[in-house]
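The structure appears right after this line, and notes come after that.
The numbers here are math on the coordinates, done by the rules we state, and not lab data. Small disclaimer: the values here were computed from a predicted structure and weren't measured. Positions of Cβ are backbone-derived with ideal geometry, glycine not excepted, and every protein chain shown enters the neighbour counts.
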Amino acid sequence: MAGFATVAVTYWRGIGAGQWIHIGTGAGFPAGRLKQKIEDHLRANQRVFIDVDPRWWQPCSWQTGEIRELASTETHFHFRQVAPTVYEIRPIEDASATSQPHLEGLLPENRAEEVKKCF
């Protein structure tokens, strides 16, 4: 899950730079079903990653609903940090994944200066 960088993930797959599948934003976002969608990928032995770079998660307009749903998933999974802003999402049973992505940091109420720029 790469927020606004979803287009880049699609491009990389298109040029053969990986067999990427994405959980997209906007029209491709599984509203109300994000947790289930992640669980489905994990059950299929597919690795799931999220880039928590706030530049990819704009706290404005329709995006706020997606960010809120995303932040609510943190208590249902474990995470393993694999790069400065990239985390692998792991099943809650994976006690070896102990990183904290702090998804609440993406919420609009925690990004007041960026929210001001939305208007």
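On full extension of the chain, what length is gained from Q36 through R80, given 0.36 nm per residue of separation minus the C-alpha to C-alpha distance?
Stretched fully, the Q36-R80 segment lengthens by 13.9 nm.
Per-residue Cβ neighbour counts within 10 Å put W20, W57, W62 in the sequence W62, W20, W57, beginning with the fewest.
Taking 15 Å as the straight-line reach from the Cα of K117, the aspartates and glutamates in range (excluding those fewer than 8 positions away in the same chain) are E109. Within the chain, the proportion of Cα pairs with more than 23 Å between them is 28 percent. Comparing H78, H22, H102 in a Gaussian network model of the chain (Cα springs below 10 Å), the most mobile by mean-square fluctuation is H102. Note on V115 and R68: the model spin-label points, each 7 Å out from Cα along the C-beta direction, lie 1.1 nm apart.
Using R₀ = 22 Å, calculate the FRET efficiency as 1/(1 + (r/R₀)^6) where r is the Cβ-Cβ separation of C60 and A27; round to 0.05. Let's see the in-between values first.
Numbers: r = 17 Å, r/R0 = 0.76.
The value I calculate is 0.85.
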